[in-house]
1. Using the basic label-point model (7 angstrom from Cα toward the beta carbon), what is the residue 26 to residue 65 distance in nanometres?
2. How high is the FRET efficiency between residue 8 and residue 75 when r is their beta carbon distance and R₀ equals 25 Å, given to the nearest 0.05?
3. Please compute the length gained on full extension between residue 56 and residue 17, using 0.36 nm multiplied by the number of residues separating them and subtracting their Cα-Cα distance.
């Protein structure tokens, strides 16, 4: 799992909600932060860059917050009928 390997997190939470016409997701961990410009699609289709690209192609929004000592929070919103 990327969270354990890259973030060195000891705790991770995943929230997924399908409500009316929207799908909303949130992932949080207590791991180390990372350098935001390093997020790009590496071509293997498994990283944060690929997640962001897929959500945006569906017309959704994708955001990341990370800070030293605060872990990382990733969330997205997308129309349930997108794609």
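All of the numbers you see were taken from the coordinates with simple rules; none came from a lab. The shown structure was predicted, so the numbers you read here are calculated from the model rather than taken from an experiment. Cβ coordinates were reconstructed from backbone atoms using ideal geometry, including for glycine residues, and neighbour counts include every protein chain displayed.
1. Distance between the two pseudo-spin positions: 0.9 nm.
2. Working: r = 21 Å, r/R0 = 0.84.
About 0.75, to the nearest 0.05.
3. Numbers: separation 39, 0.36 × 39 = 14.04 nm, distance 1.81 nm.
Gain on extension, residue 56 to residue 17, equals 12.2 nm.
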